[in-house]
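Bear in mind these aren't lab numbers, they're just calculated from the coordinates by the rules spelled out. All figures in this text were calculated on a predicted structure; none of them were measured in a lab. With ideal geometry, Cβ positions are generated from the backbone for all residues, glycine too; neighbour counts draw on all protein chains shown.
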């Protein structure tokens, strides 16, 4: 497999960061309405990692949100959320004050979190469709609580021969309740496809020039 297939250029990483910045920034607005709290998602950090490093930022258990693209893009990606963050968000959605974060994530929590992610990613897909100038649609997200010590479920989410993933890490702040990190993972091949779609859109030429100028200043 070629080096290009397993890695990204600096320009591609900038493009992915900008796509994530805009699409998840809009998704944060959607979540803000659902939890009735100010939600901020910072500029993402983009890197290529090995499969074995995917869960290095997590202890004990976490919640996987698997997103399948059914129109516009082919493939899927995963968001990884910390268990206390899911408990806090779902408590807010159910009318609580966000402090009920004890215990384990139950099916009720997963159902509420699924609805939140469905609306957030629906907003994100709309933003991506506008940037890529193609229809983009997703299926209902699949959520599961996973033991970090066990990667079997993670292995099943992607093709077994995939060793390299794009990791996009966002700092997520919800009111005074959550100041945490949310991670998005997807195969490098999926990243290449998004960048190609982005570059094929003539309306993105101005943004590409701005990104190139930023790189020149660094």
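General observations
- Where Rh is the Kirkwood radius over Cα pairs, Rg/Rh for region 1-140: 0.98
- By the beta-carbon count within 10 Å of each Cβ, the least crowded to most crowded order of 91, 97, fewest first, is 97, 91.
- Along its three principal directions, the equivalent ellipsoid of region 9-78 from the Cα gyration tensor extends over semi-axes of 22, 19, 15 Å, largest first.
- Given their separation in residues at 0.36 nm each and the Cα-Cα distance between them, residue 38 and residue 181 gain 49.9 nm when the chain is fully extended.
- Contour excess over end-to-end distance, with Cα ends at residue 147 and residue 45 and 0.36 nm allotted per residue: 34.2 nm
- Listed from fewest to most Cβ neighbours within 10 Å, the set 68, 109, 192 follows the order 68, 192, 109.
- With neighbours defined as other Cβ atoms within 10 Å of a residue's Cβ, the residues 58, 69 order from fewest to most as 58, 69.
- For region 173-191 and region 27-73, distance of Cα centres in Å: 3
- Added length on full extension, which subtracts the Cα-Cα distance from 0.36 nm per residue, residue 108 to residue 140: 9.9 nm
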